[in-house]
């Protein structure tokens with residue numbers, strides 16, 4: 001005789017032939033899967049019609065039509081795949097939509113960012129140092145060839161220091177600007193000492209013998225007296241602020 005089956009998704013009841021016993025078929029209404037049970041011999045509690053009435057119908061097992069997970073009698077939502085039997089659609093679980101960020105991943109990203117900034121800063125310092133070295137060499141060559149120390153070149157050192165930092169670091173910030181300014185001032189000091197050592201230092205002993213310099217005059221004092229005047233201070237300030245503005249990116253504001 002036909003086997004009575006019910007769809008676990010849409011609750012429709014059907015009759016299946018004996019040859020489908022033990023197999024899984026699709027529901028013709030919602031296309032969910034239906035497991036056709038194998039008929040079991042019924043032990044009658046009594047005889048005749050009264051014995052048949054004493055038997056209780058054993059409900060078939062319900063499964064999710066999408067992932068085949070067993071479902072309870074009143075369960076209409078599959079927590080495994082998100083299938084909703086009421087609408088016939090799948091809903092992604094909220095826990096899968098927003099996975100928690102891993103603390104290790106966040107630390108790795110932060111460390112990588114810090115490392116990138118540090119490498120860029122070192123590259124900016126090297127570029128600024130190379131630019132200042134070129135400017136210092138040019139200043140010394142001009143002074144040696146002409147016999148005059150052109151203070152305007154000090155301003156050029158500030159420009160070179162800022163541009164070198166900006167090209168190598170490629171980031172805005174006061175640290176980059178201050179570093180470029182310090183490098184510009186260091187380049188100016190080194191260039192002035194080189195010029196003093198070449199042009200003036202050989203004359204110190206001669207001037208002392210002629211009495212134009214006191215015997216107690218030191219080389220360091222003579223260096224500052226001959227190399228740093230009012231105009232030199234103005235050009236050094238221009239070089240400092242130019243290197244700072246260029247290196248920090250303030251010129252873009």
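The values are calculated or read from the model by the stated rules, or taken from the named source; none is laboratory data. Only a predicted model underlies this, so the values are computations on that prediction, with no experimental measurement involved. Please note: Cβ atoms are built from the backbone with ideal geometry, for glycine as well, and neighbour counts cover all protein chains shown.
Things to note:
- Taking residues in region 78-101 that are on the phi > 0 side of the Ramachandran plot, and partners anywhere that are at pLDDT 50 or above, the pairs with Cβ atoms closer than 8 Å and at least 6 places apart or on different chains are 82/90; 82/91; 82/92; 82/93; 88/9; 88/30.
- For region 176-196, the set of residues classified as free of Cβ contacts under 8 Å to residues at least 60 places away in the same chain, within 15 Å of residue 248 (Cβ to Cβ) and surrounded by fewer than 24 Cβ atoms within 10 Å (Cβ to Cβ) consists of 182 only.
- Single match in 173, 120 (criterion: surrounded by fewer than 20 Cβ atoms within 10 Å (Cβ to Cβ), at positive phi, at pLDDT 80 or above and assigned by TED's automatic domain parsing to the domain that holds residue 243): 173
- Selection of strands (runs of 3 or more DSSP E) fully inside region 1-70 by the criterion of at least 2 residues being within 19 Å of residue 83 (Cβ to Cβ), in the same structural domain as residue 81 (by TED's automatic domain parsing) and modelled with pLDDT of 75 or more returns 24-26, 33-35.
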